[in-house]
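Colleague: Encoded as structure tokens, here's the structure I'll be asking about.
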Amino acid sequence: MTRTSEETISAAGATRQRRLFLWLFLVNTVLLSCYAAFIVIFVPNQVQTLDPMQKVGNLAIVTTSASIATIFIQPLVGAFSDRTRSRLGRRAPWVLIGAGGAAVFMLLLAGAATLLWITIFYVMVMILLNTLNAPIPAIITDRVPTRSRGVASAVLAMGTLVGMGAGVIGAGYFAEMIGVGYGVFAALVLLSAFGFVLFNRDFSSKDAERTPFYWRAFLAGFWVSPRRYPDFAWAFAARFLMILAYQGVQSYLLYILRDHIHMSVEASNSFAGILTVVQLLAALISTYASGKLSDRLHRRKPFVIGASLIMGCALAIPLLWPTQAGMIALAALFGFGYGVYLSVDLALMTEVLPAEGISTGRDMGILNVATTLPQALTPLVAWALIALTGGYSSIFVAGIGFALLGAVAVVPIRGAR
């Protein structure tokens, strides 16, 4: 092969990778905008409209139901995608199924008028958005070399942050016309998912060796021995604790603004968007640079530990300064730390998989349980803390403790530096 042809092949590969990164960013942006819009603005407003006096408990019922229902969705879809045989490859069919189904149930959720139907339709939306989300980490492991995974992780992190900001701002705009808002998000999900599949075609998996699926083996696979794979276990614990620290404030942000900072309904809807923009800008400063620097230094752990400590410090601000200005300071510092964490976390996760390339989809899905399980527990824990203490300060105290423990859990990991 001539030098010119080698350079042409290399350039084509670089172009494909840049295109993949662009669409990963777009899909993750839309996906996280949906999560943020629904969790922070749409669903809390729908729940409060039904019964203002029972809003905290009712929101816990809705969000906990969805989180419990989705705990095993990503590992299950990951395992199925490992075995999927189609012209579109292993992962793309699940991206399309998740997007199409989620769009339908978003429209149904928009018209829900009782707690039961809000819960049912919200659960279905979350199940299908998780179905869309499940193949994404496996796609990175399939198509991105190890040396570039820090950048890939940072690209996803930037999509997460932009999506969170855009989602809350957009939802705040549509807070008085939620039906239209759900329709807009449904359209964005469809466009981004179909665009991703169209412009990032995978190799056909129709002729790949078929691996049988056994439920007993799959369920047994959820037990990853901490003795045999200690790095995997510590990574699971670290992510679990960090999501606990993060989720308490995010889940009840609207109610914190109304009951802890004493803002009106209208003002809190718009101020939540301002906080998200501040958090986004702070995180964008740290995200991409952290991913690049992590790859250059070949280090993951110091970034994750540092991010955990920063986030823990940020959560102390509303305790000492329970004002709108204090919440802006929280958003800025918390966003900076969360940006660092997001930019490196996925790269760290891919380096501690028990058997990379064999059951990548399943293993990344199991690690994602460290995200979905605390999401299930957080509303119940927060509800109990609020009921016991009569206020939201206990959420911040608990978050500080979880963030510090998350930093400690990263230290014993040996498979990543």
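No lab work stands behind these numbers, since they all come straight from the coordinates. Note that the structure is a prediction, hence the values are computed from the model and not measured. Cβ coordinates were reconstructed from backbone atoms using ideal geometry, including for glycine residues, and neighbour counts include every protein chain displayed.
Colleague: Relative to the compact-globule scaling 2.2 N^0.38 Å, provide the ratio for the alpha-carbon radius of gyration of segment 304-355. Let's see the in-between values first.
Modeller: Numbers: Rg = 14.0 Å, N = 52, 2.2 N^0.38 = 9.9 Å.
Rg over 2.2 N^0.38 Å, computed on Cα atoms: 1.42.
Colleague: Calculate, for ILE274 and THR146, the FRET efficiency according to 1/(1 + (r/R0)^6) with r their C-beta to C-beta distance and R0 60 Å; round to the nearest 0.05. It would help to have the intermediate numbers written out before the result.
Modeller: Working: r = 39 Å, r/R0 = 0.65.
With a Förster radius of 60 Å, E is 0.95.
Colleague: Mind sorting MET327, MET242 by how few other Cβ atoms lie within 10 Å of their own Cβ, fewest first? Could the numbers behind the result be given before it?
Modeller: On the way: MET327 25, MET242 30.
If I rank by nearby Cβ atoms, fewest first, I get MET327, MET242.
Colleague: Fewest to most neighbouring Cβ within 10 Å: what's the order for ILE386, ILE400?
Modeller: Values: ILE386 22, ILE400 17.
Final ranking by Cβ density, sparse to dense: ILE400, ILE386.
Colleague: Could you check the spin-label model distance between ALA14 and MET177? Points 7 Å from the Cα along Cα→Cβ, value in nm.
Modeller: 4.7 nm
Colleague: Placing +1 at every Lys and Arg Cβ and -1 at every Asp and Glu Cβ, with all other atoms neutral, what dipole size does segment 13-155 have around its Cα centre, in debye to the nearest 20? Display every interim value, and only then the final one.
Modeller: Working: 12 positive and 3 negative charges, 178 e Å.
That gives segment 13-155 a dipole magnitude of about 860 debye.
Colleague: Using only the C-alpha atoms of segment 77-171, find the volume of their convex hull and express it per residue in Å³.
Modeller: Details: hull volume 10.4 nm³, N = 95.
It is 110 Å³ per residue.
Colleague: Further question: Rounded to the nearest 20 debye, what is the charge dipole size of segment 245-341 about its Cα centre when +1 sits on each Lys and Arg Cβ and -1 on each Asp and Glu Cβ?
Modeller: Numbers: 6 positive and 3 negative charges, 106 e Å.
For this selection, approximately 500 debye.
Colleague: Please report VAL104, VAL43 as a ranked list, fewest other C-beta atoms within 10 angstrom at the top and most at the bottom.
Modeller: On the way: VAL104 14, VAL43 25.
Ranked by crowding around the Cβ, least crowded first: VAL104, VAL43.
Colleague: Given points 7 Å out from each Cα along the Cα-Cβ axis, report the TRP321 to ARG228 separation in nanometres with one decimal.
Modeller: 5.0 nm
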